[in-house]
Amino acid sequence: MNIILLGPPGAGKGTQAKVLEETHGIVQLSTGDMLRAAVAAGGELGQEAKAVMDAGRLMPDDIMIQIISERIGQPDCAKGFTLDGFPRTTTQAEALERMLVEKSLKLDFVVEIAVDDDILVDRIDTRVAEMPESERRSDDNVETLRKRLGVYHEQTAPILPFYRDRDMLKQVDGMTSIEEVARQIEQVVSAV
Ligand code: AMP
């Protein structure tokens with residue numbers, strides 16, 4: 001089973017990808033985690049990623065397409081994967097479609113975790129207040145979140161009709177508990 005989780009920053013894509021990993025053994029492919037690993041490792045890619053992430057912008061499509069193309073060819077993806085954070089632009093969605101055909105892989109469905117912007121801003125406020133400073137991510141603040149939400153609406157939300165047209169899009173309500181969102185996603189999975 002190969003799935004995409006779409007939704008604004010802070011909607012809970014990573015959390016739900018981990019739930020799917022535990023319940024269905026399908027690996028979480030988080031491009032954000034991959035970039036954060038590159039930042040931690042230093043190097044050129046890491047330096048670029050840090051600047052882009054801190055500014056709330058997106059990394060260039062060609063870099064992200066190459067990273068994912070290499071990753072989905074690895075053996076642990078054979079049992080299935082959840083894409084968390086990719087695609088984020090129409091160019092990435094189109095490249096993914098081509099890449100899957102080339103690798104004879106099939107996308108089962110795309111889940112949109114829908115959450116209103118105001119709720120995401122409230123959530124980040126609470127999270128930042130509760131978290132020790134040492135554990136905070138440098139892009140974890142209201143200002144960067146607002147920029148990332150702008151980028152989401154401008155560049156990522158236009159992917160939704162791309163998948164709706166292909167009859168692949170399923171929407172779940174992300175404005176509820178982690179368990180309830182997981183239950184809604186499970187309903188989608190079991191209907192496939
Ligand atoms: P995330 O953890 O998915 O919220 O990603 C954190 C940051 O990494 C984003 O705000 C972007 O700057 C960058 N990023 C992650 N995935 C992508 C992608 N598919 N395309 C471009 N930039 C990305």
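A few comments on the model shown:
- Within the stretch 54-79, tally of residues that are assigned to a loop (DSSP other than H, G, I, E, B) and surrounded by 17 or more Cβ atoms within 10 Å (Cβ to Cβ): 3
- When each of Ala51, Ala17 is tested for being within 12 Å of the ligand (Cβ to nearest atom) and surrounded by fewer than 15 Cβ atoms within 10 Å (Cβ to Cβ), the lone residue that passes is Ala51.
- Verdict on Gly32 being at pLDDT below 95 and either in a helix (DSSP H, G or I) or within 13 Å of the ligand (Cβ to nearest atom) (or both): no
- Subset of the stretch 131-147 [within 13 Å of the ligand (Cβ to nearest atom) and in contact with a helix residue (DSSP H, G or I) (Cβ under 9 Å, 6 or more places away or on another chain)]: Arg137, Ser138, Asp139, Asp140, Asn141, Thr144, Leu145, Arg146
- Filter result for the condition that a residue is touching a helix residue (DSSP H, G or I) at 6+ places or on another chain (Cβ under 9 Å), within 19 Å of Lys13 (Cα to Cα) and acidic (Asp, Glu), over Asp122, Asp173: Asp173
- A single member of Asp117, Asp140 is surrounded by 13 or more Cβ atoms within 10 Å (Cβ to Cβ) and without any contact (Cβ under 8 Å) to a residue 24 or more places away in the chain, and it is Asp140.
- For first residues located in the stretch 54-78 and without any contact (Cβ under 8 Å) to a residue 60 or more places away in the chain and within 22 Å of Asn2 (Cβ to Cβ), partners that are away from the ligand (no atom under 13 Å from the Cβ) and in a loop (DSSP other than H, G, I, E, B) and lie 6+ apart or on another chain with Cβ distances below 9 Å form the pairs Ser69/Lys103; Ile72/Lys103; Ile72/Leu105; Gly73/Lys103; Cys77/Ile26; Cys77/Leu105.
- Residue satisfying all of: in the stretch 65-95; in contact with a Leu (Cβ under 8 Å, 6 or more places away or on another chain) and of a type in the set (A, V, I, L, M, F, W, C); nearest to Ala157 (Cα to Cα) among these: Phe86
The values are calculated or read from the model by the stated rules, or taken from the named source; none is laboratory data. Because the structure is a prediction, the values reported are computed rather than measured. Every residue, glycine among them, receives a Cβ derived from its backbone with ideal geometry; neighbour counts consider all protein chains shown.
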